[in-house]
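Reviewing the structure listed below.
The numbers here are math on the coordinates, done by the rules we state, and not lab data. Please read all numbers here as calculations on a predicted model, not as lab measurements.
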C-alpha cells in the first residue's frame, strides 16, 4: 500500500505556472495578486472585506485586537482546538476561559457556554468549527448578542462548509453570526498558500483597524498639491508584519478557483467512510446535523470501547501499514501553559480519548478509501 497521510496539499501544473508568473511582477508584497486573492475570498464566502495574512493564528490575533474589547476580561473558547487559538488570546493580553465540548462532536454547545461564562466578565467567544462541523451557531449568536459578547468564528477548518437556515444555504465566513471570521491556508487545509490565512468581516471599521495592525500599524495619508502626489504613513498604534506575499496569494488564487471540485471529492470520500463505519461494531462516526453540509477538512473516527492504550496501539499499527492518522487535539487544559486553568472537562477528555483523524484529501481515490477503511477495521480487531 502507498503512503496515506491524514491530510496533504495538492499542487497542480496550473498552480506552478501561476506562481512562476508572479515572480516577474513588479510588486511581490501587497501587490495585485494579494488584492485579487482577497476579492476572490470575498466572492466565495459572501463576506464584504477580507485581509490575507501569513497564518491562521495571525488572523485570530488581528481579530481579537481589532474588536476593541474591554481589558481585564475573559475570552471564552473551546477546550478542544489548536493551541494557536488560545495563544492568540494570551498574546493579546486577555484571559483565556476554556469551555468544555460535546464528547461526540468536539464542539461547544450553548448549554456548556452558558454554564462556563456564568459570573465571569466575558467580552468575546471564539467559536471553533472543528473538522468543518457546526453546532448551535444561531443560538450562540443570539445569546452572545444579548450579553454584549463579541464572536470570532475560528473557521480555519471550515472553509467551504455550508448550513441551511430559514430557506437559505449560508457559507461559513459570511459573518451572519459573528463579528469576524478567520481562515487558515496551511498545507493541510482545503486550499493552501504554503503558509497563510485570512481575516473576514462585514464591518468597515474592524476591517480598517485590522488592515492597519497587519502592516505595522500604518495608516496611509495622501497629499495632492497641483501636479504632485505623495503618500506617507502615520502609525497610531503598534502593529505587526503579518503580510502575505503575492507569491503565496498566486497559489491561493489558483487553488480557490478549484474549490468546488476539491469539496466534492472530499464529500465523496467522506460519504463512503460514513457508510462503511456507521454500523460498524468497533467505531462511530462524528454526527453532523442535517442542516450542515461539511467540506470535511478532517474525518475523525471514534473508537466505541475506547481507552488511550487501544488508540495508541491502533495508530501505531496503521503507521506500519503506511496509514498515517492524527489526533485533533490534545485538550488545552492538558498543556502545561493552560494547566493553571485546570478543572474537569469530561466532554473534552472523552472526545480526545476516542477520536483520531483518518486520511482524507484530494489524492485519495475511492479505491484507496476502501483499503484504508478495511485495514483500520482489521487492525483494530487484532488488538
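Just 317, 166, 279 to compare: in a GNM of the chain, with alpha carbon springs under 10 Å, which one fluctuates most?
In this elastic network of the chain, the residue with the biggest mean-square fluctuation among 317, 166, 279 is 166.
How big is the gap, in Å, between the Cα center of segment 229-297 and the Cα center of segment 318-339?
21
Restricting to Cα pairs below 8 Å that are 6+ residues apart, what does the relative contact order work out to for the chain? Please round to a whole percent.
24
Separation of segment 340-380 and segment 15-46 by C-alpha centroid, Å?
35
Quick one: compute the contact order of segment 174-333, relative version, from alpha carbon pairs under 8 angstrom and 6+ residues apart, as a percent.
Relative contact order here is 15 percent.
For the chain, set up a Gaussian network in which alpha carbons nearer than 10 Å are linked by springs, and say which option among 153, 246, 363 fluctuates the most.
Greatest mean-square fluctuation among the candidates belongs to 363.
Once the convex hull of the alpha carbons of the chain is built, what does its volume come to per residue, in cubic angstrom?
With only Cα atoms used, the chain gives 153 Å³ per residue.
If you build a Gaussian network model of the chain, linking Cα atoms that sit under 10 Å apart, which residue out of 20, 357, 184 swings the most?
With Cα springs under 10 Å in the chain, the top fluctuation among 20, 357, 184 is at 20.
Rounded, prolate or oblate: pick one for segment 159-203, where a ≥ b ≥ c are the square roots of the eigenvalues of its C-alpha gyration tensor, a/c under 1.5 means rounded, and failing that, prolate if a/b is larger than b/c, else oblate. Write down the numbers at each step before the final one.
Working: a/c = 4.35, a/b = 1.67, b/c = 2.61.
Note, shape of segment 159-203 comes out oblate.
What is segment 142-216 by shape, rounded, prolate or oblate, if you read a ≥ b ≥ c off the alpha carbon gyration tensor as root eigenvalues and call it rounded for a/c under 1.5, prolate for a/b larger than b/c, and oblate otherwise?
oblate
When DSSP assigns beta bridges and you keep just the ones with both residues in the chain, what percent turn out antiparallel, to the nearest 5?
The antiparallel proportion sits near 65 percent.
If each DSSP helix of 4+ residues adds -39,500 (n - 2.57) and the sum is divided by the residues in the chain, what number results at 222 nm, nearest 500 deg cm²/dmol?
Only helices count here, giving -11500 deg cm²/dmol.
With the cut-off at 18 Å, report for segment 124-183 the share of all Cα pairs above it, as a whole percent.
Value for segment 124-183 (Cα pairs over 18 Å): 25 percent.
Need one word for segment 233-383: rounded, prolate or oblate. Basis is the Cα gyration tensor (sqrt eigenvalues a ≥ b ≥ c); a/c below 1.5 gives rounded, then a/b vs b/c decides.
oblate
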